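Q: Questions regarding the structure given below will be posed in turn.
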Amino acid sequence: MKKISILGLGYVGLCTAVSFASKRFKIIGVDVNSEKVKMINEGKAPIYESGLDELLKRSVDSQMLHCAEDCGYAVRNSGISFITVGTPYRPDVSIDLKYVKSVAKSVGNALKNKEEYHMVVVKSTVLPGTTEKIVIPIIEKHSGKRCGLAFDVCYNPEFLREGSAIKDILNPDRIIIGEFSRQSGDRLESLYRDFYENKLPPVIRTNPSTAELIKYVNNCFLAMKISFMNTIANICQEIPEADVTTVAKAIGLDRRISPLFLNPGLGYGGSCLPKDIRALVSFSQKLGYKPSLLKAVEEVNILQPYKVVRLANRLLGKIRGKRIAVLGLAFKPNTDDLRDAVSIEVVKGLLKENAEVVVYDPAAIKNAEKLFKDKVRYASTALECVSDADCCIIVTEWPEFKALKCEDFIRRMRTPVVIDGRRIYDPEEFSRKLIFAAIGLGVL
Ligand code: UGA
């Protein structure tokens, strides 16, 4: 069996590597970070992801996965390479391709002296045109070989979600193949046919630019659903007794809409949705088209975290000097990831009003300490966090917060004021027993 190399061991790379390894594909993982390579080779996961620890350990123990720092070695010793490096955005919102370019150069250099045919699959999120106008020319330049002859390239976006990454890789809704040539698409489809055995998901084959665009459009559509529901939540809040969760449930039953991604809250965060929407807006503007709808999606999201700060002000009179407990910091449950998390804006907003902020998160405290330093206090349990607080704000919907009862707040807080930023509590019960406000819940 041909070996596979995975170039870049971030979320996508590492989860792809262990998923292939779990199906007995021999994998060489590559990363420039020597500490990360060492950790993975010891079977320890450098990121927090459900199911990863166990699968990684099994992959390393069974020698299906081995990692190195040398990209050339990995390319020479494999038949197919996945490029899974990050594409962060620069302050001017353009996509930073430095990692993609550098790995393409290493692939090219390695292919110079390789006799056998090699297949390159770009998985990193890149703007339309990047694979054909940037990646392929770099590989051709450094290898001295032509794409379509000595090697081939496909663009193959990844749709995994943090927190369910491995499950998503093993059961994707579809596979998108942006092929440079029919031969390259056939080869990649055949690899996936082996991987999924008799359960190959629907495959859409197209050109690389369309495939690159699909990745952005998918995330932008999800972001649009969230900002749409948050807009409706903000309207509901002004209508006595209206409740956005019932509205979401009702419209979600329309099969044309679907119930997924209609949860109102404080907005979307994470390393993908915010970045991708910004990138598509700026890409489109450069092409001469102003994407008003996408800009509105982003604007709604920027303002949404402050809704809970305003609610706190409304319920407490003013929040200066008041102790506010923030439950949840990660950008969503089951991750320790704080990248573009809405909690950052919530905490900033509270500190700006001179509130005393105490925070708790089941997984993200270590990352939060690096970010907020001594500007906030860190609790080691949810109950400790709410103790003696004047107000508690739910920012991330971790299951352990859902399990809290009204009495947990009433017994411990100085004043039992709860603001549900993620709609995890029963408004009827909470409104009856304590002072309660929630995103998208109209007040009398
Ligand atoms: C997202 C996409 O869902 C993946 O398909 C994609 O592969 C990934 O980005 C990527 O481009 O790498 P992820 O960033 O892991 O995945 O997170 P999501 O589960 O999409 O959640 C994003 C944000 O939206 C979170 O802050 C979450 O709290 C928020 N959200 C989600 C809502 O506010 N309401 C919802 O109904 C759903």
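Q: Roughly how tilted is helix 273-286, in degrees to the nearest 10 and between 0 and 90, from the longest Cα axis of the chain?
A: Approximately 70 degrees, to the nearest 10.
Q: Please turn the phi angles of region 373-386 into ³J(HN,Hα) values with the Karplus equation 6.51 cos²θ - 1.76 cosθ + 1.60 (θ = phi - 60°), one per residue in order, whole Hz, x for glycine and proline.
A: Working through the residues one at a time gives 6, 9, 6, 10, 9, 10, 9, 9, 9, 5, 5, 5, 4, 7 Hz.
Q: Return the tail of the calculated pair distribution for region 27-115, meaning the percent of Cα-Cα pairs more than 18 Å apart.
A: On the way: 2086 of 3916 pairs.
Of the Cα pairs, 53 percent sit more than 18 Å apart.
Q: For the chain, what is the calculated [θ] at 222 nm in deg cm²/dmol (nearest 500), taking -39500 (n - 2.57) for each run of four or more DSSP H residues and dividing by its residue count?
A: The helix-only estimate for the chain comes to -13000 deg cm²/dmol at 222 nm.
Q: Something else: Could you give the alpha-carbon Rg of the chain over 2.2 N^0.38 Å, rounded to two decimals? Walk me through the numbers before you get to the answer.
A: Numbers: Rg = 23.9 Å, N = 444, 2.2 N^0.38 = 22.3 Å.
In units of the 2.2 N^0.38 Å rule of thumb, it is 1.07.
Q: Count the DSSP beta bridges whose two residues both fall in the chain, then state the antiparallel fraction as a percent rounded to the nearest 5.
A: Close to 10 percent.
Q: At 1.4 Å probe size, with no ligands or nucleic acids counted, give the accessible surface of residue 39 in Å², nearest ten.
A: 70 Å²
Q: What's the ranking of 317-324, 434-441 by average number of surrounding C-beta atoms within 10 Å, highest first?
A: Highest mean packing first, the order is 434-441, 317-324.
Q: If amide H atoms are built 1.01 Å from N in the plane of the peptide, which residues on other chains or at least 5 residues away come under 5 Å of the amide H of residue 203?
A: HN-HN under 5 Å from residue 203: 175.
Q: About its Cα centre, how strong a charge dipole does the chain have in debye, to the nearest 20, once Lys and Arg get +1 and Asp and Glu get -1 at the Cβ?
A: 760 debye
Q: Which order do peptides 206-217, 341-352 fall in by mean Cβ count within 10 Å, highest first?
A: Per-residue mean Cβ counts within 10 Å order the peptides as 341-352, 206-217.
Q: Please list, ordered by chain and number, the residues whose modelled amide H lies under 5 Å from the amide H of residue 5; skip anything fewer than 5 residues away on the same chain.
A: Amide H neighbours of residue 5, under 5 Å, 5+ apart: 28, 79, 80, 81, 82.
Q: Further question: Can you send over the carbon and sulfur percentage of the accessible area for the chain, probe radius 1.4 Å, protein chains only?
A: Result for the chain: 54 percent of the exposed heavy-atom area is carbon or sulfur.
Q: Take each of the peptides 127-139, 111-123, average the number of other beta-carbon atoms within 10 Å over its residues, and list them starting from the highest.
A: Going by the mean number of other Cβ atoms within 10 Å, highest first, we get 127-139, 111-123.
Q: How much accessible area per residue does region 220-438 have, counting only protein heavy atoms and a probe of 1.4 Å, in square angstrom?
A: That works out to 48 Å² per residue.
Q: Still on this structure, please answer the following. Which one of 16, 244, 440 has its Cα pushed farthest toward the positive end of the charge dipole of the chain, where Lys and Arg give +1 and Asp and Glu give -1 at the Cβ?
A: The one lying farthest along the dipole's positive direction is 16.
The values are calculated or read from the model by the stated rules, or taken from the named source; none is laboratory data. Bear in mind the structure is a predicted one, so any value in this text is a computation, not a measurement. When we count neighbours, we look across all protein chains shown, and the Cβ atoms used for this are built from the backbone with ideal geometry, even at glycine. The accessibility values were calculated without ligands, DNA or RNA, using every heavy atom of the protein model including side chains. Shrake-Rupley method; radii C 1.70, N 1.55, O 1.52, S 1.80 Å.
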